[in-house]
Structure formats: structure tokens, C-alpha cells
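Enquirer: Structure in C-alpha cells, see below.
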Amino acid sequence: MPTQGKRDEPAFRMSRRKMMKGVAAVLGAMALPAKDAPASVWESFFQKNFRELSPDDLKGVLARLEKEYSEKYKKAVKVRATPPVEGILYGYGLDLSRCIGCRRCVYACVGENNQSRDPQIHWIRVLQLNKERGVDLEDAEQYYNPAKVPEKGHFYMPVQCQQCEYPPCVKVCPVQATWKERDGITVVDYNWCIGCRYCMAACPYGARHFNWKKPGLPSAEMNPETHYLGNRPRPVGVVEKCTFCIQRVRNIPGRYTACVEICPVGARKFGNLLDPESEMRYIIENKRVFILKEDLNTRPKFFYFYAT
Amino acid sequence: MPMRMIWGFFKGTLVLVAKGSKAYYTWVFTLLCFMGIGFLAYLYQLQHGLIITAMRDQVSWGFYISNFTFLVGVAAAAVLLVIPAYVYHWKPLKEVAVLGEMLAVSAMVMCLLFVTVDIGRPDRFWHLIPKFGILNFPQSLLAWDVVVLNIYLVLNLTIAVYILYNLYHKREPNKSFTTPLLLFSIPAAVSIHTVTAFLYNGLAARPFWNASILAPRFLASAFCSGPALMIILFQVIRKYTRIEIRNEAIFKVAELIAYSMFINLFLLGAEVFKEFYSNTVHLAPLQYLLEGLKGHNDLVPYIWTAMIFNVSAFFLFLIPQTRENYVTLNIGCVLIIIGVYIEKGMGLVIPGLVPDTLGEIYEYSPTGIEILLTMGIWATGLFVYTLLLRVAVPILTGEFFVGDDGRTAVIVDTEFIRRADHLAEQSYRD
């Protein structure tokens, strides 16, 4: 099977037998479920959009998914659908003067949010920029790989979903498979997304990622504490994105996101924008704050700043 | 008994498409082979996921959507030929309208197939159907596109079938029914291409697409490629079948292409001037397309080929001597079809995504599977057009009509694709 990044390999490398086997397998289970498929497959096929599920429907869906994932990953998987907490609007801060570009956040995020390991999907991308040129994306390097960071003359800018107040990705979705929740988090219903990737074209921050292949997630590395709209395992052919660790932050008491928790230099901040006493409000009111691509009027709730 | 008459007509068409000369069978069989290969490629893609394409997160749309965009233009322009047919009172107006509409139908079928093979979850297509799923109308331009493309498909199919069904029953189609529909199909053709342009145009994240000149450029280039394709098809059709299409009509279409190409090149020039002179960060995609960026220049040879082809074709169609010479005319048509296919296909889609929103350059070129699948869809489109013509041509020439009992079909034309000298020997309407 071809793997990601190796598209230079010839496309036809399979034997005839493998091909026939493939044809038979696919013909059987082509786009639609087979006739003798278990009831859960049909339930999943006819499942309504998350926002149209009645409380009873939702209970059934969560139970079905928990059963399916628990069997697949051979551990007790929880799938919750914790609603937004009233009075909270999440905001994120990133201190560019502190970030050293170590990418610990990238991998903590992958571990927490059950991203595919093969091929790798990263919700956070860290850009290496030149101090001389400032925040110039045309000059950004994502694949820097020195023995030690930070490198002289450079600074680092992690980019992930900016949780826009006016998200262009939501506007363009032809089936309303993605939307902004009341607490400001933009989520995707992986059971409703048709995989057209229009949202990826619309996102100005490269925050959306597609499952080009069935995600490779080893059982041992699977995080069983999941949220329906967040880190539950994803099927092939749908789009996914950062949800501010919805499975963590919506708990009472809430937990910090995995990237905030792991950051060794304290460059990452998180809090409630509606709470005047929160750290985020302090930063916005007292530091030199900027948002990415301000001219596009997306109103990110992800604030970059220089603390020192 | 109208139901019985419709059934008789339908049964007749089934018998008709199964009959034909050796050339017809060979052609259909060749197309079926390519369709089969394309289908296998699609099964392979379904099994492994879209990873077998060269698309990735950076370039999330590729060859499929490029072909889709080009074909929307063909579908639109095929019908727009009805305008000059009316204005200049061409004799074969009915023929031009029917052939154009059938081309539009075939192109629409290809468009819908290209979208289908591009989406990650074809099993969830029903999410787009209002009532069953949720169509995000009017917010999403993709929802608009779904609506207008389907209306356009049904509209053209209705007009063409209505005209043919009446001619088959040896009566003139009711003008008070066809004329309003034909007139409506003109703004509908403009609208499908405009909506498709807006689909790209509305994305502020992609400066290459986010230019207001995009929709006019789409229309101008469609007015070149669609008619160029029609000129070639007209010649093929009149050579191998009994349909008569006069030279003046063909030369007039060629003249219209020259004007459209001028507008197309002018709009392109306006865009190039604005980007290069103002030299902002938005220049990068255009630079990537025209000269390459940071050593990445996969698209450069293609776009310059397209430019040279388009400019050459413009002059061939502008000068009356070359326009009215079938050798140079056909060269011009081929140049335009290839030129616009590059310019409005990969040349439009890929630079919209390269460099990506965070400045990364990922060079996209389609994989073998993508190419085979694409060929399969083109073969499907040609197959649909061939079968439609197989029915339409004998009806238009009076060689397929209803018998005296009002039900059984009479098939005079058992060959369809005939050698030209053969045609001359047989008297018209035997």
C-alpha cells in the first residue's frame, strides 16, 4: 500500500491476485453497507446530524460508538458529549517571546486527541521564522530539524485552529457538518462530514486536516477519554481540527488543553474571555497582542503576544 | 394513450442504440474499455482512500476538481451558442440547440462524476439532499453549485427530449413551450459558470481566487473552449451523419471565439498587471504559476504552453483567411481546447492552493490512478454524448420516427456512423 509522502512510487505495484481480492472486497462493501451488515452499520449510515439528535438518539449513538471503539481498541472507551459551559468563551494566548520551537505541544496534542500516527496528522504546526523578517509566512519553515532549538536568529510560531468568531470554514460547508459552539469552539461532526474539503480551501490558517487514508491509531496509544465532537477516533475521508481539547476543557472543573499543559516554557495560556479576572483578559489588556491575518476579519480567539 | 406512446418511444431508442455500423460499435466498445478501467481505478481509490491521489492537506483539491471546473465551462458555452443561432437566424437552429444541449447534459454528467470521485465519503451524498440531509443553502456556494448544476442538467434534458420526442411523432415542437425554456437556459448557463467561479472567488484565504475578475474570466474562457469543441463536433457530425450544418454557421462561431479570446486575454493581462505592479504578498501564487517560486516550477511549462496556444488561436480566428480554412480552423480549435483546459483547469485550481496559507509549497501532479479515473469519466461523458446523438441524429434527419400505428418505432438509420462517400450515394430520406 502506498504510504503518505511516497507518491513518487509507481501507482501500480500490486499483483493481480491482490487486485482481484481488492475488487471483490470493495464490490462487496462498496459505498453502501452490505445487506447482511450488522444493525450498527445501518444505524451509523442513517444517523442524523449531531445537532438534530434528540437526547435519546444521542444516548444511543454514544453507546453504539463506545461499544464499537471499545471492541476495536480493546479497552473501555468513553465517548461523551458534554455541552458548553454557560458563561464561558474560550480564548488562547501564545507568547512568541517564550516559544522555543521544541514541538512538544505537537506531539502532546497527537497523543491526547487520537490523531492518526500513520499517516501522521498534526493539528499544531510550528513555523520557524527569521527574526529579521518578522511574521512573514512566505518565509516560514515548518520542517526545520536541527539538533537543538531554538536556533540563532530565529523565532517560532505555532499555528493551530484560531477558533474564529467568524469562521470561514463553517460558512462554506455544504452540509453543516461543522459549526461554532456557544463556547466559541468550532467542531466537526465526523459522522456527517462528506469529505468535500471546501472548508480546507476556506481556512486561512491551514488548521483543517483530512483523513486521506484510514487513520492508523495503535490500541496502546489510544486515549480512551473522548468527546463526540473532539478526540474520538475518526473514520477515513473526513476532516478534523483542533477543538481546544473539548474533552478536557468542558469538564467541571475544567482541565487545561494538552498543549498548554506540556509547554516547558509556559508560552501557552488559556482561559475564559468573559471572566475579567482571567489570565487571558490580563494578557489582552496588558501585553502587545496581535491576531493572525487580521485583514481577513475572521476574529480569531487565538492571541499571539510578546510578554517580554 | 400517452404513457404507451412514451413507452414505445423509449423502447425504440433502446433498440436504436444497439444498432450501428462497425465504426459505431468499435467507438462504443473503446469507450466502454476506458470506462471499465476508470471504474477499477475508482474501486481502488474507494478501498485505499484518497491517499492514492497526489492531493494532501496543502493541496486539497487537484486534477478532479480541475476537470470539473473546465467542464462546467463547456456545459455553459454549449448552450450559449443558441444566442448567435437566434440572432443570425441560422437555418439549423433546432439542430444547433439540440446538439448543444446534449453536449451540456454530457458535460454535466461528467461534472457530477468528478465531484463524486473527489469527495471522501460518497456514501453520505444524501446529506446534500434537502429534507433527508441538510443543504447549507444559501450560505455555502457549494450548495448553490449543487442546486444550479442539477437544475441545469434537468432543464437541458427536458428541452432536448421534448423537441426530439415531438419530431419523432412527426410534429413540430410547441414553440410556446420550447422558446421560454430555451431563453431561460441562457441565463442558467451564465449562472452555472458564475456560481462555480464564486465558489473559488468567495474564499478570502486564497488571494489567487479572491479577485473580482475571476467570474468574468471564467465566462470569457468558456466562450472560447465550448464553441471550439462545438466546431469540431459539428464537422464530425455532418461528415459521418446526415445532419447538415452550413459553413457560415461554423465560421460565425469561429469569429465569436476570436472576440471571446480577446476579452479573455485582456482580463488575464489586467490581472497580471495588478499583481506584478503592486507586488504585494498576494503575488506569490501568480509568480508560482508563471515563473516558479523558490525553485518550484512544475506548472510553468504548462501555463506558457497554454498562453502560446491561446494567443496563436486568437490570431488564427481573427484573420478571415485562416478562420475560413478548415485546416487552420481546426488547428485553432485544438489549440484553444488544450489552452483553456490548462488555464481553467490545473492552472486555476493549483495556484489557488500553492503556496498554502502558511507559505508552504507542495508541488502537485496527479498520480496514475487519478489520470486513469479521469480518463474513465471523460469516456463516460463521450459515451453519454454518443448515445444521445445516436437517438437525436436519426430523429433530426427523419430516419427514426413513429410508425403508422402510433406506437411502434420505425428505424431507417441502422448504421449511424457512415462513411462520407456512402452518405452521398444514398438519397436523402429514403
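The values are calculated or read from the model by the stated rules, or taken from the named source; none is laboratory data. Fair warning: this is a prediction, and the values are worked out from it, not measured in the lab. Reconstructed Cβ throughout: ideal geometry from the backbone, glycine too, with neighbour counts over all protein chains shown.
Enquirer: Among (1) within 15 Å of B:F63 (Cα to Cα); (2) away from chain A (no Cβ under 14 Å); (3) of a type in the set (G, A, S); (4) over 21 Å from the mean Cα position of the chain (by Cα), which single condition is B:G352 missing?
Expert: The failed condition is (2).
Enquirer: With the structure loaded, tell me whether B:E363 is touching a strand residue (DSSP E or B) at 6+ places or on another chain (Cβ under 9 Å), more than 28 Å from B:S260 (Cα to Cα) and not hydroxyl-bearing (S, T, Y) or whether it fails that test.
Expert: Yes: the conditions hold for B:E363.
Enquirer: Here is a further query. Is at least one residue of the stretch B:193-202 farther than 20 Å from B:S106 by Cβ, at pLDDT 90 or above and outside any helix (DSSP H, G or I)?
Expert: yes
Enquirer: Give just the number: which of (1) at positive phi; (2) touching a Leu at 6+ places or on another chain (Cβ under 7 Å); (3) modelled with pLDDT under 70; (4) not charged (D, E, K, R) does A:M30 not satisfy?
Expert: Condition (1) is where A:M30 drops out.
Enquirer: Assess whether A:C196 counts as being crowded, with 21+ Cβ neighbours inside 10 Å, more than 11 Å from chain B (Cβ to nearest Cβ) and closer than 26 Å to B:P285 by Cα.
Expert: no
Enquirer: Let me ask something else about it. Need a quick list: strands (runs of 3 or more DSSP E) entirely within the stretch A:263-308 having at least 1 residues that are of a type in the set (A, V, I, L, M, F, W, C) and within 22 Å of the chain's Cα centre (by Cα).
Expert: Correct list: A:268-272, A:302-306.
Enquirer: B:A306 - would you say it is assigned to a helix (DSSP H, G or I), farther than 26 Å from B:P207 by Cβ and more than 14 Å from chain A (Cβ to nearest Cβ)?
Expert: The answer is no for B:A306.
Enquirer: Specify the residue that is farthest from A:S70 (Cα to Cα); the eligible residues are those in the stretch A:199-233 that are more than 8 Å from chain B (Cβ to nearest Cβ) and part of a helix (DSSP H, G or I).
Expert: A:C199
So that you can scan it fast, the table gives a plain yes or no per residue for (1) under 19 Å from B:A75 (Cα atoms); (2) surrounded by fewer than 19 Cβ atoms within 10 Å (Cβ to Cβ):
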residue	(1), (2)
B:F137	no, yes
B:L149	yes, no
B:L153	yes, no
B:L164	no, no
B:K170	no, yes
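Enquirer: What residue, among those in the stretch A:180-193 that are under 27 Å from A:D275 (Cα atoms) and in a loop (DSSP other than H, G, I, E, B), is farthest from the other protein chains (Cβ to nearest Cβ)?
Expert: Per the criteria, the residue is A:D183.
Enquirer: In the stretch B:39-79, which residue that is of a type in the set (S, T, Y) and more than 20 Å from B:I192 (Cα to Cα) is surrounded by the fewest Cβ atoms within 10 Å (Cβ to Cβ)?
Expert: B:Y44
Enquirer: Filter the stretch B:203-224 for residues that are closer than 19 Å to B:D145 by Cβ, assigned to a helix (DSSP H, G or I) and not aromatic (F, W, Y) and give the result.
Expert: Within the stretch B:203-224, B:L214, B:A215, B:P216, B:R217, B:L219, B:S221, B:A222 qualify.
Enquirer: Within the stretch B:135-154, is there a residue that is without any contact (Cβ under 8 Å) to a residue 12 or more places away in the chain, at the interface with chain A (Cβ under 9 Å from one of its Cβ atoms), of a type outside the set (S, T, N, Q) and assigned to a helix (DSSP H, G or I)?
Expert: The answer is no; no qualifying residue exists.
Enquirer: So which of B:G406, B:G359 is small (G, A, S), assigned to a loop (DSSP other than H, G, I, E, B) and surrounded by fewer than 18 Cβ atoms within 10 Å (Cβ to Cβ)?
Expert: Step by step, each of B:G406, B:G359 is checked, and only B:G406 is small (G, A, S), assigned to a loop (DSSP other than H, G, I, E, B) and surrounded by fewer than 18 Cβ atoms within 10 Å (Cβ to Cβ).
Enquirer: Being touching a residue at least 12 places away in the same chain (Cβ under 8 Å) and under 29 Å from B:A143 (Cβ atoms) narrows it down to one of A:G153, A:G111, A:G101, A:G184, so name that one.
Expert: Result of the check over A:G153, A:G111, A:G101, A:G184: A:G184.
Enquirer: Looking at (1) over 22 Å from B:I186 (Cα atoms); (2) within 12 Å of another protein chain (Cβ to nearest Cβ); (3) aromatic (F, W, Y); (4) touching a residue at least 12 places away in the same chain (Cβ under 8 Å), which one does B:F125 not meet, given that it meets all the others?
Expert: (4)
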